[in-house]
1. So between Asn178 and Lys235, what do we pick up on full extension, going 0.36 nm a residue minus the alpha carbon distance?
2. Of the listed pairs Lys135/Lys185; Lys133/Lys235; Lys133/Lys185, which have alpha-carbon separations greater than 29 Å here?
3. Work out, step by step, the length gained on full extension between Ser87 and Arg266: first 0.36 nm times the residue separation, then minus their alpha carbon distance; give nm to one decimal.
4. Once you order the gyration tensor axes a ≥ b ≥ c over the Cα atoms, which shape class does the stretch 78-218 get: rounded for a/c under 1.5, otherwise prolate or oblate by comparing a/b with b/c?
5. Where does each of Trp277, Trp236 land when they are ordered by accessible area, with a 1.4 Å probe and the largest first?
6. Once the Cβ-Cβ distance between Thr153 and Val228 is put in as r, and R0 is 35 Å, what FRET efficiency do you end up with, to the nearest 0.05?
7. Under a point spin-label approximation (7 Å from Cα along Cα-to-Cβ), what is the Arg127-Tyr198 distance to one decimal in nm?
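The values are calculated or read from the model by the stated rules, or taken from the named source; none is laboratory data. In this text the structure is predicted, and so the values were computed from the model without any measurement. Counting neighbours? That spans all protein chains shown, and the Cβs are built from the backbone with ideal geometry, glycine included. Protein only, heavy atoms only, side chains kept; ligands, DNA and RNA dropped before computing areas. Shrake-Rupley method; radii C 1.70, N 1.55, O 1.52, S 1.80 Å.
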Amino acid sequence: MAVDRRTFMMALAAGTAGALSGCATQQSGPATQLSNAAKGGLTGPASPINISTDASGHHLRLIQSVKPDLPVVRGGPPSHITHLDGSGKNVAITIDDGVSAEVVSAYIDFARATGVRFTFFVTGSYRSWTQHKNKLRPLVDSGQIQLANHTWTHPDLTGLSGSQIEYELTRCEKFLNNTFGVTGKPFMRPPYGDRNSYVDSVAASLGYTSITTWYGTFGDSGLITEAVLLDLAKKWLQPQAVVIGHANHSTVTHLYGPIVDIIRSRHLQTVTLDDAWYGAKGRNRVVQSIPRKV
């Protein structure tokens, strides 16, 4: 697949690195955000509200979603995520799968050029992640790109046994550990968004206590036209939304410039899921007991 870099290079010239990264705090209004953008924007995630720590120093989030539909095993983000909590101007762009190594590479280039922050939901068996591990690793290490679990082979988990679900999640987890030195926990996205109480309970028992679906979509799990994808981006890139895209087809790589324009025109700040719930204090996603391979 040929990836058209023309609109992508427009984003470079637009000076978007500051304006698109970090967190917009709940207290900051549009005027404040515009002022920040004029000065180069927010360059790092802001601290979330109501953060404390337990005796071992792990961060605990004191306010859960109003109606969690999965038992909360330990402190942290909500048990089912479609939006970011509270009000504000953040948007969480989440990119699934990784069928196309070329599209994964283009997303990495996009992040490096603009400062955009997002979360990859990695399907570990796709070779694109291994092929581009050296290129991706610095952005993972810096926290600009977060990696989370999208299973090993992308099956419908609702049709699997408990041991099969465990295999899918633990093999992808080990891949993230060994390849990038991070854990995907507590965020897991079930393939196709298909989940039930049994899938949720097995995932939670493995430490995946935050099942992440979405509010809006780029619609590009399969091949669509640029016009359709851009219309969906305009519809769903909204404050506090979790938006899903896919690293499967080159269509999105032709639209990075227009997507940047939408984000900037709405004064949105791109965040990872970690940014949204752990803020500037961050959290230790590095697996200390595993050598940091490159």
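1. Details: separation 57, 0.36 × 57 = 20.52 nm, distance 3.78 nm.
16.7 nm is the gain from fully extending Asn178 to Lys235.
2. Details: Lys135/Lys185 22 Å; Lys133/Lys235 32 Å; Lys133/Lys185 19 Å.
Over 29 Å apart, Cα to Cα: Lys133/Lys235.
3. Numbers: separation 179, 0.36 × 179 = 64.44 nm, distance 1.44 nm.
Going from the current span to full extension adds 63.0 nm.
4. Values: a/c = 1.82, a/b = 1.26, b/c = 1.45.
Verdict is oblate for the stretch 78-218.
5. On the way: Trp277 5, Trp236 50 Å².
Listed by decreasing accessible area, they come as Trp236, Trp277.
6. Working: r = 28 Å, r/R0 = 0.80.
E between Thr153 and Val228, to the nearest 0.05, is 0.80.
7. Modelled inter-label distance: 3.5 nm.
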